[in-house]
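Structure record follows, encoded as structure tokens.
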Amino acid sequence: MPLEAGLLEILACPACHSPLEERDAELICTGQDCGLAYPVRDGIPVLLVDEARRPE
């Protein structure tokens, strides 16, 4: 389920404060040195660094 456009515009990576990009069921940080992937569960972004997946 895609997030509302207005919500995605105001969300930022909690680790580096870069914008987030929606891909599949995750929000991916667009920061070059960060790249964390945050899960979206039941349409709710889980923006906790401990829950994020590290870039591969």
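Each reported figure results from applying straightforward, stated rules to the coordinates on display, with no laboratory input. Keep in mind that what you see is a predicted model, and the values were worked out from it rather than measured. Quick reminder, even Gly has a Cβ in these numbers, built from the backbone with ideal geometry, and neighbours come from all protein chains shown.
Worth pointing out:
- Every condition in (1) touching a strand residue (DSSP E or B) at 6+ places or on another chain (Cβ under 8 Å); (2) exposed (fewer than 12 other Cβ atoms within 10 Å of the Cβ) holds for residue 5 except the one numbered (1).
- Residue in the range 26-35 that is without any contact (Cβ under 8 Å) to a residue 24 or more places away in the chain, assigned to a helix (DSSP H, G or I) and among the hydrophobic types (A, V, I, L, M, F, W, C) present: no
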